Amino acid sequence: MKTNVDTHLKSWGLLKDERLEIKEDLNGNACSETLKFSLCNNVVLDMNNVNIFSGKEDCLDIVRGKNYRIKDGVFHCSGKQGITIKGSVDSVILENIVFRGNPKNGYVVLGQYCDYDVVHKPKTKNIIIKNCWFEKPSCGITLWNAEKIQFQGTSCKVNKVNPLIVKGYFLIRKIYDRLKYGKYGRCKSREILYKDC
């Protein structure tokens, strides 16, 4: 398996009770992800209807944490997916977002494998997609290790990955990560692996 080093145009980690604004268009085509959140709690991102152009993988990657609200933006999805939410994230509201383009894996991908899944973690859950518009509704949402999502004023196709494929894929990745990086995978230590908001 290939090892990638993720790069981001803008990234935030360990934020608590923050309101962030983006006031200009962002193009992450030279990065893995245009925007990245990691292990944040109670964060609102107001995009002021600007355009977010995809990195090689995502427009936005959210890993771990809880209570995110992402609103009022236009995601141009030309990478693997538009938004990825993974790592047992609990509670995300995507509100008033326009999704354009033709991403390979879907506009929103939930519960995909991440470095923290080297040990058993709960599913990504409590995701609400509210008043969003999808240029190609068939690209829609892809569910890996995630609970059912709630739609409010939004419709698109939901593609659920077969649970046997999810379990098999996660198992292979866990074994690979432990063999290559040790007991705690790329996290290197128990403290990082089990850190909570």
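Rule-based calculations on the coordinates, nothing more; no lab input. Only a predicted model underlies this, so the values are computations on that prediction, with no experimental measurement involved.
Here are the numbers for this structure:
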read-out: Inverse mean reciprocal Cα-Cα distance (Kirkwood Rh) of region 8-194, Å; value: 16.5
read-out: Choice from 48, 162, 145 showing the highest fluctuation, given a GNM over the chain with Cα pairs closer than 10 Å; value: 162
read-out: Listed pairs 10/104; 130/183; 125/180 exceeding 31 Å between Cα atoms; value: 130/183
read-out: Degrees separating the helix 163-181 axis from the principal Cα axis of the chain, which is the longest one; value: 60
read-out: Region 8-194, relative contact order [Cα under 8 Å, separation at least 6], %; value: 14
read-out: Debye equation applied to the C-alpha atoms of region 117-169, log10 I(q)/I(0) at 0.13, 0.29, 0.31 Å⁻¹; value: -0.38, -1.19, -1.27
